[in-house]
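Asks: Below are the C-alpha cells for one structure; questions will follow.
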Amino acid sequence: MARFKPHSVNESPLVPLPTNAYIPQRDLDKAPILEVSHLGIDFGGLTAVNDLNLTVGRTEIAGLIGPNGAGKTTVFNLLTKVYQPTRGSIMVDGIDTHSMNTAQVNRLGVARTFQNIRLFNNLSVEDNVKLGLHNSIKYSMAGGILRLPSYWKQEKVAHDRALELLSIFDMQDMADMKAGSLPYGAQRRLEIVRALGTNPGILLLDEPAAGMNPSETAELMENIIKIRDTFQIAVMLIEHDMNLVMGICEGICVLNFGKVIAKGTPAEIQENPAVIEAYLGRKKEG
Amino acid sequence: MKNLKKTTKQDFITYLAVILAFIAITVMGDAGMLSRSFKGQLVPICCYIVMAVSLNLTVGILGELSLGHAGFMSVGAFSGIIAAMSLQAAIPSPVLRLVIALVVGAAFAGVAGALIGIPVLRLRGDYLAIVTLAFGEIIKELINCLIVGVDSKGLHIIFNVSGAKTVNDLHMLEGGRAIIKGAQGATGTETIASFTAGFVLIMISLVIILNLVRSRSGRAIMALRDNRIAAESVGINVTKYKMMAFVTSAALAGAAGALYGLNYSNLLATKFNFNTSILVLVFVVLGGLGNIRGSIIAAAILTVLPEMLRSFADYRMLVYAIVLILVMLGTNNAQLKGLLAKIIPTKLRKEAK
Amino acid sequence: MEFLSYLISGISLGSVYAIIALGYTMVYGIAKMLNFAHGDVIMVGGYISLTAMLSMNLPPIVAVLLAMVVCTVLGVIIEGLAYKPLRSAPSLAVLITAIGVSYFLQNSALLVWGANPKSYTPVIEGAMKIFDGKLSISYISLLTMASCIVIMIVLTLFINKTQLGKAMRACSEDKGAAMLMGINVNRTISVTFAIGSALAAIAGVLLCSSYTSLMPTTGSMPGIKAFTAAVFGGIGSIPGAFLGGILLGIIESMAKAYISTQLANSIVFAVLILTLLIRPAGLLGKYVPEKV
C-alpha cells in the first residue's frame with residue numbers, strides 16, 4: 001500500500017511571509033501565484049465566506065479543508081469568478097482580478113476541476129482536451145470555415161498536444177470515445193487533463209479523490225506530484241480524504257463557517273485544537 | 001487525425017448526396033418527369049433546407065431554443081427584394097442581381113441577428129425562447145409598416161406607423177415604382193430565384209456550418225451547449241461564441257429569405273410569422289438536434305409532404321399534426337420505443353441506420 | 001374620460017390574459033413545459049359555448065359550465081395521451097408535441113366548425129353608463145374583471161390552503177422528493193391541467209364575448225400574449241401571472257390608443273424584452289443561479 005512517501009519530491013519547509021501567510025521556502029525567490037486578501041461574499045443576508053487571506057507559492061501543493069458546508073467550493077468559485085466577491089481582492093500572478101470574468105481569470109492562469117464533474121459529454125475525449133487548448137490554438141473563424149493552411153497546421157499541433165496530455169494518465173487510447181461514456185474515474189482524470197491544457201499557473205482540484213478506493217487515491221497522489229513537478233505549477237485542492245491531504249499538501253488552510261480557523265503544515269494542523277473541535281465537536285466539560 | 005478523417009468522410013457523403021439529388025432532379029425536370037406543382041416547390045424546398053440547417057446551428061449546436069427564426073428570413077427576404085428591385089436598371093444580369101440580393105439579405109439579417117443577440121443571449125432557456133419569439137413578431141409588424149419605392153433619385157422609404165400612409169406618400173418622381181406597399185407586402189417583384197441558385201446556397205451553407213462545427217470555433221460553441229460553466233473555466237468567451245453561432249445562423253436564414261422572396265411576385269410580411277418559425281423548428285427536431293443531414297432530409301420531406309397528402313384534402317393538416325405527435329412519442333418514450341423495436345425486426349433497423 | 005375608457009378596456013383585456021396566463025403558469029410551474037396548445041383550448045371553449053347557446057338553446061351560464069367541463073376533459077386527455085408519456089423526455093420533444101397538439105386542435109376545429117369566422121353572441125349584453133353617460137362600461141368588461149378577481153382569490157386559497165394545493169406546490173418544487181413523500185405526482189399534474197383547461201374555457205367565453213368573433217385560429221395570439229404575460233410577471237408565480245396579464249392588457253390598450261394600432265403587439269413584446277433584461281426572471285419571479 002505504501003507506494004507513496006510524503007514529501008519525497010521537494011522537501012521544503014514553510015516560511016512565514018510578512019502578510020502572515022506561509023509558502024514553501026523554495027518558492028520564496030518568486031512572487032506567489034495566488035494572493036488572496038480579505039476575500040468575502042454574501043448571498044442575500046448570509047455570509048458564505050468572510051475575511052479569507054491566502055497565499056500560494058509557485059510550486060506549492062496547498063490544501064483547503066473543512067467540514068461540509070464550510071464554504072470550500074465557494075472559495076474555488078470566487079477564485080475562478082463563478083461568483084464575484086463582495087469584498088476583498090484576488091491577485092493572480094501579481095495581477096488584480098477585480099471585475100474579470102471566469103474566462104479571463106482562466107487566461108491569467110487559474111484552471112480548475114469540479115466537484116460534480118463537468119465535462120463536455122457529447123464531445124470526444126480528444127475534443128475535450130482541445131477545448132482546454134482553445135486559447136493556444138490560433139486560427140480565425142474564417143480560417144476554420146475555409147480550411148486555410150493555418151487550420152490544418154494548428155489542428156495537427158493541437159491533436160499531438162492533446163494526446164501528449166492524455167498520456168499523463170495513460171488515456172491516449174480513449175481519445176475517440178465520448179467523454180460522457182467514460183467510467184467515473186476516467187472522467188475525473190479527463191477534467192484534470194482538460195484543465196492542464198489551458199496552461200495554468202495554478203490548478204484547483206475540487207475533491208479529486210471523491211469516489212476512489214485507497215489504491216486509486218495513492219495513484220492520484222503520485223500523479224498530482226508528477227503534474228506539479230512536470231509543469232512546475234501550484235496545485236490547490238479541496239479534499240476530505242485526510243491521507244491524501246496530509247500526505248501531499250505542504251500548506252493547509254482550514255475553513256469553518258466561511259472563516260479560516262487554522263493555517264499551517266500538516267503536522268501543525270493535526271495538532272490544532274480549533275481544527276479538532278471543528279471536525280469532532282467540543283469535548284464535554286470535565 | 002483518425003477522428004478528423006471519419007468526420008470528413010461523413011461530411012463528404014452529405015455533400016455528395018446533395019449534389020446527386022440536384023443532378024437527378026435537374027435531369028428529371030428536363031425530361032419532363034416532374035409535375036408542375038413539384039417544380040414550383042423546388043426553390044421553397046431549398047430555402048427551407050437552408051433555414052433548417054441554419055436553425056440547427058442555434059438550436060442543435062449552440063443549444064439555445066430560438067422561436068423567431070422566421071424573423072431573420074423576413075429581414076433577408078425584404079432587404080433582398082429591395083436590393084434586387086432597385087438595381088433592376090443598373091444591373092441587367094438577373095444572376096448577378098440575385099447574388100447581390102442574397103448577400104444583402106444575409107448582411108441585413110446578420111446585423112439584425114447581432115442587434116437581437118446582444119440582449120437575447122444574456123437570457124437562458126425558456127426565457128431566451130420567449131424573447132426570440134417576441135423579436136420574430138416585432139420584426140413581422142415592423143416590416144408590415146414598411147413602404148418602399150424606387151425612382152431615378154434612388155430609394156424612398158417611409159415607415160407607416162399610423163397605418164394611414166400609402167405609396168403616394170413616397171412622393172416619387174414619374175417613372176418611380178413601389179417595391180413594398182406596407183401591409184400589402186412586396187408586389188410586382190421580378191422572380192429571379194432559381195433551383196440552381198437554391199442548390200448553390202445549400203452547398204455554401206453546408207460548407208460554412210459543417211466546417212465551422214469541425215473547427216476551433218465550432219468546438220467552443222458545442223462546449224457552451226454541453227456545459228457553459230466548464231467552457232468558461234477553460235477560458236472560452238461565452239458572448240463571442242454565442243454571438244458567432246447566432247449571427248451566422250441569422251445571416252444564412254437571411255440569404256434563404258432573399259431567395260424565397262425573389263421566387264414570388266407577391267409576398268406578405270405575415271408569411272414569416274410564428275408558425276413559420278415553428279415549422280422550421282419542427283424540421284430541426286425531427287431531423288435530429290445537431291444532425292445537419294437529418295435537417296436536410298426532414299426539411300425536404302416535410303415541405304413536400306403536405307402536397308403529397310393532397311388526396312386527404314381537408315384532413316391533411318390533421319394528419320400532419322397526428323404524425324408529428326406520434327413521431328415525438330415514438331422517438332422519445334421508452335416504452336413505445338421498446339414496442340417499436342419488437343415490431344420492426346432488428347436487422348431492418350440496423351440497415352436503416 | 002377617454003383615458004379612463006381605454007384604461008378600463010385595457011384592464012378588461014388584461015383580465016382575460018391573466019386568466020389564460022394563470023393556466024400557463026400553473027402548468028409550467030408543475031410540468032416545466034411550455035404548453036403551446038393552451039391557447040387552442042380557449043378556442044375550443046369558445047366554440048363549445050357558442051354551439052351550446054345557438055344550436056342547443058341553452059342559457060349562457062349552462063353553456064359556460066358545459067364549455068368548462070368539455071375543456072377540462074380535453075385538457076386531461078391531452079395531458080394523458082401526449083404529455084405524460086414524455087415526462088422524462090427532453091423539453092424540446094415536449095414542446096414540439098405541444099405544437100402538434102395545437103395544430104391538431106386547430107385543424108379539428110376547422111373540420112367541425114369551418115374556417116369562416118362565426119359571430120359570437122356575448123353572454124351578457126348592454127353597458128353601464130356613468131358620469132352622465134360620458135363613460136360607458138360594457139357589462140362584459142365588468143364580468144371579465146370580476147371573474148378574474150374571483151378566480152385569482154379562489155386559486156390562491158386553493159394553492160395555499162388545501163391538501164391538493166400543497167401537493168401541487170411540492171411537485172413544482174421537487175417532483176422526486178414529492179413522490180418520496182407519498183404524493184401522487186401524475187395525478188397532481190393531471191389536476192393542474194384540468195384546472196388550467198377549465199380556466200381556459202372561461203377565458204374563451206369572455207374573450208369571444210368581448211370580440212364577438214370566433215375562428216379556429218382565435219386562440220393562438222391570445223395564447224402567445226398570455227404566455228408573454230406569464231413570463232413578464234415571472235413564470236411559475238400565480239400573483240405574477242395576474243400582474244403580468246393586467247399590465248400587458250393596459251399596455252396593449254394604451255399603445256393602440258395613443259401610439260399605433262399596427263405596432264401594438266410589438267410594443268407589448270418590447271416591454272417584455274426590456275423587463276426581462278432588467279429582471280431576468282420576470283417581475284415577481286425568483287432568479288435561481290445555477291449551482292456549481
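The values are calculated or read from the model by the stated rules, or taken from the named source; none is laboratory data. Nothing here was measured: the structure is a model prediction, and the numbers come from that model. Here the Cβ is made from the backbone with ideal geometry for all residues, glycine too, and neighbour counts use every protein chain on show.
Asks: Select from the stretch C:1-37 the residues that are farther than 21 Å from C:Ile77 by Cβ and either acidic (Asp, Glu) or not in a helix (DSSP H, G or I) (or both) and list them in ascending order.
Replies: Result: C:Met1, C:Glu2.
Asks: Related question: Could you check, for the stretch C:76-88, whether at least one of its residues is within 21 Å of the chain's Cα centre (by Cα), at pLDDT 95 or above and more than 14 Å from chain B (Cβ to nearest Cβ)?
Replies: Within the stretch C:76-88 (the criterion being within 21 Å of the chain's Cα centre (by Cα), at pLDDT 95 or above and more than 14 Å from chain B (Cβ to nearest Cβ)), the answer is yes, since at least one residue qualifies.
Asks: So which helices (runs of 4 or more DSSP H) are wholly in the stretch A:225-286 and hold at least 1 residues that are over 28 Å from A:Ile41 (Cα atoms)? Even if it seems obvious, please write down each step before you answer.
Replies: Numbers: elements: A:242-248, A:266-271, A:273-280.
It comes to A:242-248, A:266-271.
Asks: Looking at B:Ser162 and the list (1) among the hydroxyl-bearing types (Ser, Thr, Tyr); (2) modelled with pLDDT of 95 or more; (3) out of contact with any Phe, Trp or Tyr (no Cβ under 8 Å at 6 or more places or on another chain), which single condition is not satisfied?
Replies: (2)
Asks: So in the stretch B:111-120, with the set limited to residues that are surrounded by fewer than 19 Cβ atoms within 10 Å (Cβ to Cβ) and touching a helix residue (DSSP H, G or I) at 6+ places or on another chain (Cβ under 8 Å), which one is nearest to the other protein chains (Cβ to nearest Cβ)? Explain how you work it out, then say what you get.
Replies: The initial filter retains those residues of the stretch B:111-120 that are surrounded by fewer than 19 Cβ atoms within 10 Å (Cβ to Cβ), namely B:111, B:114-115, B:118-119.
From what's left, touching a helix residue (DSSP H, G or I) at 6+ places or on another chain (Cβ under 8 Å): B:114, B:118-119.
On the way: B:Ala114: 14, B:Ile118: 10, B:Pro119: 5 Å.
Among those residues, the one meeting the criterion is B:Pro119.
Asks: Output the qualifying pairs, or none if there are none: Cβ atoms under 9 angstrom, residues six or more apart or on different chains, first residue in the stretch B:274-290 and more than 11 Å from chain C (Cβ to nearest Cβ) and assigned to a helix (DSSP H, G or I), second residue of a type in the set (Gly, Ala, Ser) and surrounded by fewer than 21 Cβ atoms within 10 Å (Cβ to Cβ).
Replies: B:Gly287/B:Gly294
Asks: Just checking, how many residues over the stretch C:74-104 are surrounded by fewer than 23 Cβ atoms within 10 Å (Cβ to Cβ) and either farther than 30 Å from C:Ile189 by Cβ or touching a Gly at 6+ places or on another chain (Cβ under 8 Å) (or both)?
Replies: Final tally of qualifying residues: 1.
Asks: Looking only at residues in the stretch A:70-83 that are more than 13 Å from A:Gln115 (Cβ to Cβ) and without any contact (Cβ under 8 Å) to a residue 40 or more places away in the chain, which one is surrounded by the most Cβ atoms within 10 Å (Cβ to Cβ)?
Replies: Here the answer is A:Leu78.
Asks: Tell me, yes or no, whether the stretch A:77-85 has at least one residue that is within 14 Å of chain B (Cβ to nearest Cβ), under 29 Å from A:Gln172 (Cβ atoms) and out of contact with any Gly (no Cβ under 9 Å at 6 or more places or on another chain).
Replies: Within the stretch A:77-85, the subset within 14 Å of chain B (Cβ to nearest Cβ) is A:77-84.
Among the residues that remain, those that are also under 29 Å from A:Gln172 (Cβ atoms) are: A:80.
Pick out the ones that are also out of contact with any Gly (no Cβ under 9 Å at 6 or more places or on another chain) and you get A:80.
Checking the stretch A:77-85: at least one residue is within 14 Å of chain B (Cβ to nearest Cβ), under 29 Å from A:Gln172 (Cβ atoms) and out of contact with any Gly (no Cβ under 9 Å at 6 or more places or on another chain).
Asks: Hey, among B:Gly105, B:Gly136, which residue is within 14 Å of another protein chain (Cβ to nearest Cβ), in a helix (DSSP H, G or I) and either aromatic (Phe, Trp, Tyr) or in contact (Cβ under 8 Å) with a residue 40 or more places away in the chain (or both)? Walk me through it before giving the result.
Replies: Values: B:Gly105 fails: within 14 Å of another protein chain (Cβ to nearest Cβ).
Criteria check complete, one pass: B:Gly136.
Asks: For the condition within 30 Å of C:Leu276 (Cβ to Cβ) and not β-branched (Val, Ile, Thr), what is the one hit in B:Ala107, B:Ala84? Working first, answer last.
Replies: Values: B:Ala84 fails: within 30 Å of C:Leu276 (Cβ to Cβ).
Selected residue: B:Ala107, the only one of B:Ala107, B:Ala84 that is within 30 Å of C:Leu276 (Cβ to Cβ) and not β-branched (Val, Ile, Thr).
Asks: Another question about this same structure. Residues to consider are A:Leu255, A:Leu244; find the one that is surrounded by 17 or more Cβ atoms within 10 Å (Cβ to Cβ) and without any contact (Cβ under 8 Å) to a residue 60 or more places away in the chain. Please lay out each step first, then the result.
Replies: Values: A:Leu255 fails: without any contact (Cβ under 8 Å) to a residue 60 or more places away in the chain.
Among A:Leu255, A:Leu244, only A:Leu244 is surrounded by 17 or more Cβ atoms within 10 Å (Cβ to Cβ) and without any contact (Cβ under 8 Å) to a residue 60 or more places away in the chain.
Asks: Read through the list (1) within 12 Å of another protein chain (Cβ to nearest Cβ); (2) surrounded by 24 or more Cβ atoms within 10 Å (Cβ to Cβ), then give the number of the only condition that C:Ala241 fails.
Replies: (1)
Asks: For C:Val101, work out the one condition from (1) within 14 Å of chain B (Cβ to nearest Cβ); (2) in contact with a strand residue (DSSP E or B) (Cβ under 8 Å, 6 or more places away or on another chain); (3) aliphatic (A, V, I, L, M) it doesn't fulfil.
Replies: (2)
Asks: A further question on this structure: Does at least one position in the stretch A:156-168 carry a residue that is within 11 Å of chain B (Cβ to nearest Cβ), part of a helix (DSSP H, G or I), among the acidic types (Asp, Glu) and surrounded by fewer than 16 Cβ atoms within 10 Å (Cβ to Cβ)? Please lay out each step first, then the result.
Replies: First, pick out the residues of the stretch A:156-168 that are within 11 Å of chain B (Cβ to nearest Cβ): A:156, A:158-160, A:162-163.
Keeping just the survivors that are part of a helix (DSSP H, G or I) gives A:156, A:158-160, A:162-163.
When the remaining residues are screened for being among the acidic types (Asp, Glu), the result is A:160.
With surrounded by fewer than 16 Cβ atoms within 10 Å (Cβ to Cβ) added as a condition, the list becomes A:160.
Looking through the stretch A:156-168, at least one residue is within 11 Å of chain B (Cβ to nearest Cβ), part of a helix (DSSP H, G or I), among the acidic types (Asp, Glu) and surrounded by fewer than 16 Cβ atoms within 10 Å (Cβ to Cβ).
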